[in-house]
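So the structure is just underneath, and the comments pick up after that.
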């Protein structure tokens with residue numbers, strides 16, 4: 001029995017790494033839909049189609065739970081996925097609630113893909129927790145493309161982040177929420193641009209805590225001999241070279 005993680009690309013590795021630390025004796029599958037990435041600039045219909053194709057493949061394995069380690073896929077398809085499949089499915093959402101809880105009066109900036117920001121799921125989340133209307137939003141779609149090209153620290157990346165954030169009044173910000181798992185690879189650059197006084201958070205800790213609660217609540221037992229990970233890209237088992245790169249990325253994250 002294994003836990004599966006799904007993302008459009010390599011962003012969900014940031015969630016998987018945390019899950020492995022918290023659940024070291026479980027086995028994992030990591031499925032990246034690299035053929036169809038990025039999701040955030042596609043239509044809801046196209047993303048939903050790609051997500052179901054991926055999860056149909058994942059469902060052929062003997063999994064006990066699935067983590068949709070992608071904010072965009074969660075926003076578009078999580079409800080339908082839960083109705084369609086028999087196993088437990090854990091989704092992700094931008095960490096707006098913890099940002100609001102710790103807010104002291106300044107603004108909260110949610111950075112995410114265009115599709116996540118337009119989704120009714122995010123709007124409902126913000127409306128339910130942010131009664132003082134302190135949340136503002138900004139798309140940073142290009143970061144997904146940079147990450148999928150394994151470009152994490154180039155001059156082009158830094159210029160893009162600087163140009164996007166230059167339009168903000170940084171002094172009015174208190175917290176930045178990274179609403180895409182790909183964006184976590186750029187946390188240090190974003191922090192450098194906005195300064196150390198602004199808190200940057202993401203949804204990974206909450207997602208893995210939710211996963212642990214699901215496994216505990218349904219009495220799922222782990223394997224003392226677990227800890228293995230299998231990597232797939234759009235329905236194909238990754239070759240040794242790509243697996244080495246993926247494991248290396250997790251190690252440096």
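When only residues in segment 79-104 that are in a loop (DSSP other than H, G, I, E, B) and closer than 21 Å to residue 168 by Cβ count, which is nearest to the chain's Cα centre (by Cα)?
Residue satisfying both the conditions and the ranking: 94.
Collect the residues in segment 152-189 that are free of Cβ contacts under 8 Å to residues at least 40 places away in the same chain and surrounded by 14 or more Cβ atoms within 10 Å (Cβ to Cβ), keeping them in residue-number order.
152, 157, 158, 160, 161, 164, 165, 170, 187, 189
Look through 26, 50 and report the one residue that is over 15 Å from the mean Cα position of the chain (by Cα), crowded, with 20+ Cβ neighbours inside 10 Å and modelled with pLDDT under 95.
When all the criteria are applied, what remains is 26.
Does residue 28 satisfy the condition of being in contact with a strand residue (DSSP E or B) (Cβ under 9 Å, 6 or more places away or on another chain) and not in a loop (DSSP other than H, G, I, E, B)?
It is true that residue 28 is in contact with a strand residue (DSSP E or B) (Cβ under 9 Å, 6 or more places away or on another chain) and not in a loop (DSSP other than H, G, I, E, B).
How many of the residues making up segment 122-140 are buried (at least 17 other Cβ atoms within 10 Å of the Cβ) and within 21 Å of residue 43 (Cβ to Cβ)?
Summing the residues that are buried (at least 17 other Cβ atoms within 10 Å of the Cβ) and within 21 Å of residue 43 (Cβ to Cβ) in segment 122-140 gives 4.
Could you pull out the residue among 55, 67, 15 that is over 29 Å from residue 130 (Cα atoms), assigned by TED's automatic domain parsing to the domain that holds residue 233 and buried (at least 19 other Cβ atoms within 10 Å of the Cβ)? Steps first, please.
On the way: 67 fails: over 29 Å from residue 130 (Cα atoms); 15 fails: over 29 Å from residue 130 (Cα atoms).
After ruling out the rest, the residue left standing is 55.
Quick check: is even one residue across segment 70-78 surrounded by fewer than 23 Cβ atoms within 10 Å (Cβ to Cβ), on the phi < 0 side of the Ramachandran plot and not in a loop (DSSP other than H, G, I, E, B)?
Checked segment 70-78: at least one residue is surrounded by fewer than 23 Cβ atoms within 10 Å (Cβ to Cβ), on the phi < 0 side of the Ramachandran plot and not in a loop (DSSP other than H, G, I, E, B).
The values are calculated or read from the model by the stated rules, or taken from the named source; none is laboratory data. Note that the structure is predicted; figures quoted are calculated from it, not measured. No Cβ is skipped: glycine too gets one built from the backbone with ideal geometry, and neighbour counts run over all protein chains shown.
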